[in-house]
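Asker: Structure in structure tokens, see below.
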Amino acid sequence: MTSFTHASGTDRVAEVAACLDCEFIVNVQGDEPLIEPSTIDAAIEPLIADSRLQISTTSEPVVTAEDVFNPSVVKVVTDARGVALYFSRSPIPYVRPAAGLTLEESLAANPGLLSNYRKHSGLYAYRAGFLQRFARMQPSLLERLEALEQLRALENGVDIRVVEVEHRSIGVDTRQDYERVKRLIEETPS
């Protein structure tokens with residue numbers, strides 16, 4: 001067991017990783033039981049390719065308007081290089097609604113607008129040394145407001161490379177999510 005004083009899962013992973021002799025650490029969030037191995041591979045590839053990069057992750061398509069508004073579904077926006085600009089539990093980017101409509105009504109009227117949204121997958125890949133430095137950083141204001149530890153890195157000027165993947169993971173954040181994942185596991189042939 002790790003210390004009960006950690007502010008985030010990443011801090012817990014850093015405690016364990018301090019005892020390991022490795023170059024990379026992959027933190028798969030515990031609420032992502034169905035994450036595809038190819039998604040993990042995609043997350044670590046940028047660290048292998050670019051020795052200056054310290055942290056990477058993945059994003060996947062948002063396919064329902066419900067996910068755009070669900071605070072348990074973390075959205076991410078990136079620059080043209082695939083570097084994270086921001087992560088949020090709110091709808092980002094804010095797609096300006098059609099005249100006289102709410103954003104929800106605009107998404108219902110034009111489902112193609114969903115292609116503007118990306119869901120952050122529940123994993124991070126780190127260089128081992130950076131993970132230890134990251135764990136020593138104080139939790140940041142935006143991290144505390146959104147309850148998203150990756151904002152600590154962004155607020156400290158650390159680039160996070162976000163690789164787009166097509167496989168959709170299912171985060172288990174509610175009883176309904178748990179029942180859905182349980183059903184999927186039970187339906188999968190052994």
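Asker: What's the exposure ranking of D31, D21, D11, D50, going from fewest to most Cβ atoms within 10 Å?
Answerer: D21, D50, D31, D11
Asker: How much length, in nm to one decimal, is gained on full extension between H6 and D50, taken as 0.36 nm per residue of separation minus their Cα-Cα distance?
Answerer: So the chain would gain 12.9 nm between H6 and D50.
Asker: Using Cα pairs closer than 8 Å and at least 6 residues apart in sequence, work out the relative contact order for region 1-125, in percent.
Answerer: Working: 152 pairs, mean separation 38.1, N = 125.
Contact order relative to length: 31 percent.
Asker: Within the set of other residues whose C-beta is less than 11 Å from the C-beta of G122, count the net charge using Lys and Arg as +1 and Asp and Glu as -1.
Answerer: Details: positive: K119; negative: D31, E32, E60, D173.
Net charge in that neighbourhood comes out at -3.
Asker: Would you please name the GluC sites (Glu not before Pro) within region 111-189 that are DSSP coil residues with at most 14 other C-beta atoms within 10 Å of their C-beta?
Answerer: Here the sparse-neighbourhood loop sites are E166.
Asker: So, one more: Counting only other residues whose beta carbon sits under 11 Å from that of D67, what net charge do I get with K and R as +1, D and E as -1? Write out the running numbers ahead of the final one.
Answerer: Values: positive: K75, R118, K119, R168; negative: E60, E66.
It works out to a net charge of +2.
Asker: Another question, if that's okay. Among S121, S106, which comes first, second and so on when ranked by fewest other beta-carbon atoms within 10 Å? Let's see the in-between values first.
Answerer: Values: S121 29, S106 17.
With the fewest neighbours first, S121, S106 line up as S106, S121.
Asker: Here is a further query. With a cut-off of 8 Å between alpha carbons and a minimum separation of six or more residues, what is the relative contact order of region 53-145 in percent?
Answerer: 39 percent
Asker: Counting Lys +1, Arg +1, Asp -1, Glu -1, what net charge surrounds Q54 among other residues with beta carbon under 13 Å of its beta carbon?
Answerer: On the way: positive: R52, R127, R133, R152, R161; negative: E23, D50, D159.
In short, +2.
Asker: How large is the Rg to Rh ratio of region 9-187 when both quantities use alpha carbon positions and Rh follows Kirkwood?
Answerer: On the way: Rg = 16.8 Å, Rh = 17.2 Å.
With Rh from the inverse mean 1/r over Cα pairs, Rg/Rh is 0.98.
Asker: Considering only C-alpha atoms, what is the centroid distance from region 32-50 to region 135-177, in Å?
Answerer: Measuring centre to centre over Cα atoms gives 15 Å.
Asker: What distance in nm separates the simple spin-label points at A128 and S90, each placed 7 Å from Cα in the Cβ direction?
Answerer: Spacing of the two 7 Å Cα→Cβ label points: 4.0 nm.
A short reminder: the numbers here are calculations on the coordinates, not readings from a lab. Bear in mind that the values here come from a model prediction, so they are computed numbers and not experimental data. Cβ atoms come from the backbone with ideal geometry, glycine included; neighbour counts cover every protein chain shown.
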